[in-house]
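Data first, discussion second: the structure below is written as structure tokens.
The values are calculated or read from the model by the stated rules, or taken from the named source; none is laboratory data. Bear in mind that the values here come from a model prediction, so they are computed numbers and not experimental data. Here Cβ is always computed from backbone atoms with ideal geometry, including for glycine, and neighbour counts include all displayed protein chains.
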Amino acid sequence: MAGDLKFPANFLWGTATSPTQVEGHVVNEWTDYVAADGGHCRVACDHYHRYQEDVDWMALLGVNAYRMGIEWSRLQSAPFAPLNQTELARYVHLLDCLKAANITPMVVLHHFSNPPWITAAGGWLNPAALPAFVDYAAKLSAALKERVYLWNTFNEPNTYASLTYLLGGFPPFLKWRFLSYRKVIKHMAEAHAQASRAIRQNKFARAPEIGIAKNWTSFGAFQAFALWDHLLAEISHHAFNRFVLDEFLGGAQREASTFLGVNYYGRARLNHFQALVPTNNVPAERLKELGIVSDDMFERHPTGFGKLLKKFHQRYGLPIYITEHGAASSDEDFRIRDLSAHLLELHAAINHGVDVRGFFYWSLLDNFEWQFGYTKKFGLLSVDFSDQKLPRKMTRVGEFYRGICQSRETAA
Ligand code: IFM
């Protein structure tokens, strides 16, 4: 069986993080935020100072790719400002450490955080964010063109726009501002297209690949007869999936992307307008009673993963990177089973002809999970946040993933 489970030889087996969640010492809209567990991101995993050690861990894991963010607020102190050379040099050194370890970087330009001057000017509601972002993309890509060919402009634009303006989870914590949600998506889609053109202006060592990371949740009704839940599921699907993909990949916008990044965690089924997921405060016992398999965040649905990949392949014909997948749980056996089930779906999709080029496990480290703080354990490496030295430790999931990265196979 293992012989049938080979992945393509040049497949990227990676892991992922984002600056606000791991670096610490960021100055953005999250700096003063205190999460539900009392945690904040001011030190996080101190990856800012410990990136060399973290690259050593990646080498030990055997990954050959790393999806990392570059924190915009560190690099530009004002719109159109020159890049901060000290901060740039630190990122360049990180990229050089990755190269020395044979790890291919994918750089994310926007992962849920903005420079304070963008926030002060109204964030992504203000069209002035567009040229500022494009300028950043142009300058950064010019500076890194020898070192980076995989560019991910926006991470999960709809998570960002909905948690900021619909659901009150991210700063500025506003609710039910549908027009704001729509405007942010439209602005980001346009910024993606313009940034893509700016990135391509450079003479790269290797042709650039450019895309967004779309997180995909499928929505459905938990009870077949509940027409109202079907209706809400359809509206949610339209707002969070279809509308967003049409904006980023529809019509002329399609030219802006050479790949589609997919962040896949599972599905949300609705029961009398309530999403049956732990992030909606539905207790684990209740979910169990209802037969819903979930980690500490989302309902798991591995078969939906395979179906989604085939659908994307058919609809867009773009190469795909799984820019995030992972599970948050202190039950490591559960996480291993979950990873295995998703990799089997991935493998089957590739065999079916879907052009998937890489998989990035979320996340390298236990980290600051935004409004939930440090309670969600996603790491291949655990981090002991109660110890000031923030020691990292290989988890059993990390060992399991290491086996896959080394053998290029997945265990059933
Ligand atoms: O931690 C987040 C990440 O920032 C974006 N994708 C989903 C992850 C888990 O919730």
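Assorted remarks:
- Region 262-277: number of residues that are within 11 Å of the ligand (Cβ to nearest atom) and out of contact with any helix residue (DSSP H, G or I) (no Cβ under 8 Å at 6 or more places or on another chain): 2
For every residue, the table says whether it meets (1) out of contact with any strand residue (DSSP E or B) (no Cβ under 7 Å at 6 or more places or on another chain); (2) among the charged types (D, E, K, R); (3) within 16 Å of the ligand (Cβ to nearest atom); (4) closer than 23 Å to residue 64 by Cα.
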{"position": "363", "(1), (2), (3), (4)": "no, no, yes, yes"}
{"position": "375", "(1), (2), (3), (4)": "yes, no, yes, no"}
{"position": "385", "(1), (2), (3), (4)": "yes, no, yes, no"}
{"position": "388", "(1), (2), (3), (4)": "yes, no, no, no"}
{"position": "393", "(1), (2), (3), (4)": "no, yes, no, yes"}
{"position": "399", "(1), (2), (3), (4)": "yes, yes, no, yes"}
{"position": "403", "(1), (2), (3), (4)": "yes, no, no, yes"}
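- Residue within region 212-225 that is surrounded by fewer than 15 Cβ atoms within 10 Å (Cβ to Cβ) and among the aliphatic types (A, V, I, L, M) present: yes
- Of the helices (runs of 4 or more DSSP H) contained entirely in region 1-85, those carrying at least 2 residues that are within 24 Å of residue 377 (Cβ to Cβ) fall at 19-22, 47-61.
- Subset of region 168-193 (residues that are farther than 28 Å from residue 135 by Cα and under 19 Å from the mean Cα position of the chain (by Cα)): 169
- Output for region 156-199, where each listed residue is touching a Phe, Trp or Tyr at 6+ places or on another chain (Cβ under 8 Å), away from the ligand (no atom under 16 Å from the Cβ) and of a type in the set (A, V, I, L, M): 166, 174, 184, 185, 189, 191, 195, 199
- Positions within region 96-146 being assigned to a loop (DSSP other than H, G, I, E, B) and either within 16 Å of the ligand (Cβ to nearest atom) or in contact with a helix residue (DSSP H, G or I) (Cβ under 7 Å, 6 or more places away or on another chain) (or both), in sequence order: 101, 103, 111, 112, 113, 114, 115, 127
- Cβ-Cβ distances below 6 Å connect the following pairs, each with a first residue in region 83-96 that is under 20 Å from residue 134 (Cβ atoms), a second residue that is among the β-branched types (Val, Ile, Thr) and outside any helix (DSSP H, G or I), and a separation of six or more residues or different chains: 91/70.
- Condition check for residue 343: part of a helix (DSSP H, G or I), away from the ligand (no atom under 16 Å from the Cβ) and either crowded, with 22+ Cβ neighbours inside 10 Å or under 16 Å from the mean Cα position of the chain (by Cα) (or both): yes
- Matching entry among 38, 69, 62 (being on the phi > 0 side of the Ramachandran plot, in contact (Cβ under 8 Å) with a residue 12 or more places away in the chain and in contact with a strand residue (DSSP E or B) (Cβ under 9 Å, 6 or more places away or on another chain)): 62
- Filter pass, residue 399 being at pLDDT 95 or above, surrounded by 18 or more Cβ atoms within 10 Å (Cβ to Cβ) and among the acidic types (Asp, Glu): no
For every residue, the table says whether it meets (1) under 20 Å from residue 211 (Cα atoms); (2) modelled with pLDDT under 95; (3) out of contact with any Gly (no Cβ under 7 Å at 6 or more places or on another chain); (4) of a type in the set (A, V, I, L, M, F, W, C).
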site	(1), (2), (3), (4)
61	no, no, no, yes
74	no, no, yes, no
78	no, no, yes, yes
84	no, no, yes, no
99	no, no, yes, no
102	no, no, yes, no
108	yes, no, no, yes
